[in-house]
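Inspection log for the structure reproduced underneath, given as structure tokens.
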Amino acid sequence: MSEKKRGRPRAFDAKVTLEKAREVFWDRGFAGTSLDTLSAATRLNRPSLYGAFGDKEALYLDVMEAYRAESMDVLADALDPSLPLRDNLARVYKSALEIYLHGETSARGCFLISTATAEAIQHERVRDLLSRSLEDFDGAIEQRMALAVERGELPDGSDVHTLARLASAVMHSLAVRARAGDSRKTLEALAQSGVDMICGKA
């Protein structure tokens, strides 16, 4: 949470508020989101929002941090080392698509890729958190790939650092293409191609 916090109203639920704010930021972007819209969505007036989270950027950073933490939990579950690497990557992409497609009717892609990349140039704190998030995702995948080399799932001498970023790049492409309106069938085919590219065809 950001440092600019004072007293909070009674019965205040930070998690619920962050989830409601995330929906607004996800649909409208950071720049396109007004404090009035956030106030209406969270049912907190402006003074309460400022008192709890600070300014709009601080609230957005808190939302980003919460999304990053949730995403890391989903990633850790998908990368269960008791499963083969091929299955791990397939689970990563399947879980990602469930988030990105948002029920098919309002595909929004990845919250970070869809919103934070647009703000990273102008907002240093957003850029730093985005960079840290990507590094965390890459690191978790790289760790699983290093284990895959030990187990013979990947060839000896595989560049797991680069392969992990390649796996992440497929995920980022899924996020962008989902937001652009690609069908689930098309995205699932791309995900499968990513698994085959990294692990070899089954």
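Listing for the model above:
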| quantity | calculated |
| --- | --- |
| Unique match (being under 30 Å from Ser82 (Cβ atoms) and touching a Gly at 6+ places or on another chain (Cβ under 6 Å)) among Ala191, Ala178 | Ala178 |
| First in the range 53-78 and within 22 Å of Ser34 (Cβ to Cβ), second anywhere and acidic (Asp, Glu), Cβ under 9 Å, 6 or more apart | Phe53/Asp62; Gly54/Glu3; Gly54/Asp62; Glu57/Glu119; Ala58/Glu3; Tyr60/Glu119; Val63/Glu19; Ala66/Glu19 |
| 3 or more residues among the acidic types (Asp, Glu) and surrounded by fewer than 19 Cβ atoms within 10 Å (Cβ to Cβ): qualifying helices (runs of 4 or more DSSP H) within the range 13-105 | 14-28, 56-78 |
| Asp136 vs. criteria charged (D, E, K, R), surrounded by fewer than 19 Cβ atoms within 10 Å (Cβ to Cβ) and more than 27 Å from Ala189 (Cβ to Cβ) | yes |
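Values in this text are rule-based calculations from the coordinates and carry no lab data. Note that the structure is predicted; figures quoted are calculated from it, not measured. Every residue, glycine as well, gets a Cβ built from its backbone with ideal geometry; the counts of neighbours run over all protein chains shown.
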